[in-house]
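Nothing in this text is a laboratory measurement; each read-out follows from the coordinates by a stated rule. None of these values were measured; they are calculated from a predicted model. Cβ: placed from backbone, ideal geometry, glycine included. Neighbour counts: every protein chain shown.
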Protein chains: 2
Amino acid sequence: MSTPICIFDTTLRDGTQGEGISLTAEDKVKIALKLDALGVHYIEGGNPGSNSKDIEFFRRVRELKLQAKLTAFGSTRRKNSSCEQDINLKHLTESGARAATLVGKTWDFHVHTALQTTLEENLAMIHESLAFVKNSGMEALFDAEHFFDGYKANPEYALAALSKAKEAGAAWIVLCDTNGGTLPGEINEIVSRVVKEIDAPIGIHTHNDCELAVANTLAAITAGARHIQGTINGYGERCGNANLCSIIPTLQLKMGYSCVTGEQLGTLTGVARYISEIANVNMPVNQPYVGNAAFAHKGGIHVSAIMKDSKTYEHIEPSLVGNKQRVLVSELAGQSNILSKAQEMGLEVNAEGMKSREVIDRIKDLEHQGYQFEGADASLELLLRDAYGGSEQVFTINSFKITVENNEGRVSSEAIVKVTVAGEQVYTVANGNGPVNALDNALRKALVQFFPGIRDIHLTDYKVRVLDEKDATAAKVRVLIESTNFKDTWSTVGVSSNVIEASWEALVDSIRYALIGMDKDEDISPELLQTNGLVNH
Amino acid sequence: MSTPICIFDTTLRDGTQGEGISLTAEDKVKIALKLDALGVHYIEGGNPGSNSKDIEFFRRVRELKLQAKLTAFGSTRRKNSSCEQDINLKHLTESGARAATLVGKTWDFHVHTALQTTLEENLAMIHESLAFVKNSGMEALFDAEHFFDGYKANPEYALAALSKAKEAGAAWIVLCDTNGGTLPGEINEIVSRVVKEIDAPIGIHTHNDCELAVANTLAAITAGARHIQGTINGYGERCGNANLCSIIPTLQLKMGYSCVTGEQLGTLTGVARYISEIANVNMPVNQPYVGNAAFAHKGGIHVSAIMKDSKTYEHIEPSLVGNKQRVLVSELAGQSNILSKAQEMGLEVNAEGMKSREVIDRIKDLEHQGYQFEGADASLELLLRDAYGGSEQVFTINSFKITVENNEGRVSSEAIVKVTVAGEQVYTVANGNGPVNALDNALRKALVQFFPGIRDIHLTDYKVRVLDEKDATAAKVRVLIESTNFKDTWSTVGVSSNVIEASWEALVDSIRYALIGMDKDEDISPELLQTNGLVNH
């Protein structure tokens, strides 16, 4: 039997201290449900004494019947006072949560500088506050703030604080590297000492200020800690908290510990991406285990080896964490990447044939011009379909014209497009926030009557990259566009010395890709189409 | 004396394997200069046998007289062949680089599965290839690919491969955790064994697939490695390479090793941000040491403690790595920087005055809208001059209009501007490669008759970054323009949801800045100006 590790998720509390992260009560409820399904053991929901949003969350979450223990966060009581008089402790015990985590000082420097009280009073604050929470019928956890810095400065005092928490009946004593400055060797040494001296269940809470939060957590587990506090995607103040999305799979797949079931682990990538969507924070493409590039292969040699045996360049089977292998196409890549891509799409490809030679040459030539297909799967797919006969030209562009006018400070943008669809010429005009938005609007207006499904498509990302910067405003630019229809997401590319033309190219590819397999609307008014084959807007 | 550690940067080679990273030869030259100033000891430039871009880079970089050793990358020779016949080894020795890194197999599984040759032939490939490079007069380094996986599978064979490299005279033998799946404890144990068995300088090269690349690098150093391969910002294939921006400060500030000078370490944040701009990859706000939020405090208890003593919530002094503290809720943040900037410019500033309050509020408001003055000194200077009375409005813009037309595939761009200069209204039209180039041409045409010195100014860089990517083509964009008059270089910024307007704003700032102190031409033809006060082009 493998040793179980208790997972304490603080995405909803410490995670929201991260810059740019702000969650509504509704967001928090959605995230709590996902965390519960993932199988974490504690969900720290927030500080019910601090704001109305957290109060609402605690009220709503009570109805959800979570498997995980919902936990409220607070501090030890104020100095020179009593728990009964402490309004924050009162809110905590009234929150309806099954457990409460109290943070307290263990670093003598902080007791003097931040709290400005005596070492003895701080010990009393720890003991009385935890006992107060426990007497209210809740489980009490102790977060030993700055424990490692405190231990290095005054080990006797830091250990005395832990003993007080144990005496008060804390269910877990959690050692916090609050400033994130401690190294794995120190963590290992100090946790080993604590486990020896304090006869209570020990936890670990680390921050990523040295890019060591994951390593520090693993070092604490190796030294005998059995409880981990962290956040999904490592959200948290400054450089973030320990990233549970990296810790859980490493503990479970590589170190023989048990955190969640294998089935739950297989949902990890989905949970991480869902929470990044709710938090409205772009997920780094290179995030370990769950990132979009975590099992993406770019180098030609790597790809040809991967096709022989994926273990050659993959440290785990991606599906164990719900992720998948991707083969990127780029100038560094050989022919094997492109052919495996075409095979993925179900196209009939003969690796030795003339056609394949031509396709590779065409892609190399486009890359030389500045196209980049690794971030533009859909443009690559269109190119391969055009070559191997898997696509149909459903519309053609005859011309477009855009105008941007600044008249005494009032700026307007307008686009006109002329498109042929199913033998009909369509002529539309639209305005927008800027020239590209106006073009997008005009093109959709031209096509929506034929393909009403286009209404469901929207653009989610637009990136402009200037190539050959030496030429400044006359330089080539590359535009990448990401689109979604709420089910799938795809990316397209355009390159030109004219930013409008490059954007247009990527826009047209995005729509062409969306139309693959989309039905033309049967209900379209024939009169509308027969106005001299020209529809004006 | 602290032990020196050799820093080998592979941003320009392994870093470009990262998804979304694509560098031109010009980008690579700029980055090489920054890395050299940072004080890294090796700069791996790329694979001179693989593509024309890398060949151009190696040609150009030869003229730069770098302190660092420029290094070319390649593989051991092909199986059952000779080094003399190997075209890639030939390119390597002709690259003009002072050193070459050769990657070779040390994992028996890879020799059989990927190379499909015998274990003996692979050892011969390693020995002969390194000796060949060394005989050509270059320093030879050996990258022992998959060394840790290889050692775990067949320690004798993995060590035999290292011995071959040593016999051939490799300057460094670098142990690679190519798949990024090894844990710090394993790294420590295996590197300790290697250091004991192989009497040669040992290096470490890790990947971040378990979010442990930094910890694994530090573990190898603790076990006796003395050379680190990594990239700026951790760029690299899949989850990236070991991040030098986290490793260098930890080794130097916390572990007592010596990598670069203290002064060079103080430029780290600037180097990291510069390279992220060149690579056009958004830097995660929470990146350790160098991220914008690395020393940002979000409020409440932390902020009040920080104001008592910053050591309470900061693991190092931010200026040691060129970063700074930010208090996200405090209105005091940044004020002293801005005022000292104005004083530098010789403006009369009263820090307590109403004016200063207004200026700070204006800058905060602009930053909130997406302006970024760190990369746009000239726009900040104009703003301060406008506020404190150090500038003169030499021209005003009345209106502009641009048109981009695609007629059956033929694209043209035209711009019209109406400007008032010295009481005269000037009305010009010009075309260009794209709308922004056309605007630039029309504005210069309007001003050159008054300020012939404008001919000497040209734009050297033009960057577009999309803010709020979720809104796609309706999102705000930030444009940064860099200009030069062959003596000085300056940068300006514009922000708008309209890429044309944002570009225009940055263009106008660039010209306004250039005109500070520039003489109006006395020789200008009076007739030209008096044509009804309106000059047509």
task = Distances from A:Arg62 to the same position in the other copies: list them in nm, one decimal, shortest first, using label points 7 Å from Cα along Cα→Cβ.
result = 7.8
key: Percent RCO, i.e. relative contact order, over chain B, from Cα pairs under 8 Å lying at least 6 residues apart   = 9
remark   = Taking the convex hull of the alpha-carbon atoms of segment A:229-303 and averaging its shadow over every direction gives an area in square nanometres of 6.3
task = Could you tell me whether segment B:104-199 comes out rounded, prolate or oblate from its Cα gyration tensor? Rule is a ≥ b ≥ c as square roots of the eigenvalues, rounded for a/c under 1.5, then prolate if a/b exceeds b/c, otherwise oblate.
result = oblate
ask   = Given B:Lys152/B:Lys196; A:Lys30/A:Lys105; B:Lys69/B:Lys324; A:Lys476/B:Lys401; A:Lys30/A:Lys69, which pairs have Cα atoms separated by over 24 Å?
value = A:Lys30/A:Lys105; B:Lys69/B:Lys324
ask   = At B:Asp386, with labels set 7 Å past Cα in the Cβ direction, how many nm apart are the copies from this one, shortest first?
value = 4.5
query = What dipole magnitude, in Debye to the nearest 20, does chain B give about its Cα centre under +1 on Lys/Arg Cβ and -1 on Asp/Glu Cβ?
reply = 580
task = Take peptide B:396-407, look around each residue's Cβ out to 10 angstrom, count Cβ atoms belonging to other protein chains, and average those counts.
result = 6
query = Mind checking the mean number of beta-carbon atoms from other chains within 10 Å of the Cβ atoms in A:236-244?
reply = 5
task = Please name whichever of B:Ile397, B:Tyr157, B:Gly409 sits farthest to the positive end of the charge dipole of chain B, dipole taken about the Cα centre and charges placed at Cβ: Lys and Arg +1, Asp and Glu -1.
result = B:Tyr157
key: For B:Thr24, A:Thr113, A:Thr231, B:Thr3, order by how many other beta-carbon atoms lie within 10 Å, fewest first   = B:Thr3, A:Thr113, B:Thr24, A:Thr231
request  = Please report, to one decimal in angstroms, the Kirkwood hydrodynamic radius of chain A built from all distinct Cα-Cα pairs.
outcome  = 26.9
ask   = So what are the radius of gyration and Dmax for the Cα set of segment B:6-260, in Å?
value = 16.9, 49
request  = Quickly rank B:241-248, A:211-218 as a protection proxy: mean count of other C-beta atoms within 10 Å, highest first.
outcome  = A:211-218, B:241-248
ask   = Going through segment B:380-452, which GluC sites (Glu not before Pro) have at most 15 other Cβ atoms within 10 Å and a DSSP loop state?
value = B:Glu392, B:Glu408
message = Please compute, for peptide B:202-213, the average count of beta-carbon atoms on other protein chains lying within 10 Å of each residue's beta-carbon.
response = 5
request  = Could you line up A:Asp27, A:Asp209, B:Asp199 from fewest to most neighbouring Cβ atoms inside 10 Å?
outcome  = B:Asp199, A:Asp27, A:Asp209
task = Using only the Cα atoms of the protein assembly as shown, construct the convex hull and provide its projected area averaged over every direction, in square nanometres to one decimal.
result = 47.4
inquiry  = Check which residues have an amide H placed less than 5 Å from B:His207's amide H, if you skip close sequence neighbours.
reply    = B:Asp177, B:Gly180
key: Top positive-direction residue, dipole computed over chain B with Cβ charges, set B:Leu507, B:Gln325, B:Leu38   = B:Leu38
task = Express in whole angstrom the spacing between the alpha-carbon centres of segment B:97-131 and segment A:373-415.
result = 47
remark   = Put in order of increasing Cβ neighbours within 10 Å, starting from the fewest, A:Ile7, A:Ile457 give A:Ile457, A:Ile7
key: For chain A, calculated [θ]222 nm from helices alone, where every DSSP H run of n ≥ 4 adds -39500 (n - 2.57)   = -11000 deg cm²/dmol
inquiry  = Using a Cα-Cα cut-off of under 20 Å, which aspartates and glutamates could be cross-linked to B:Lys90, ignoring same-chain neighbours fewer than 8 residues away?
reply    = B:Glu44, B:Asp54, B:Glu56, B:Glu128, B:Glu139, B:Asp143
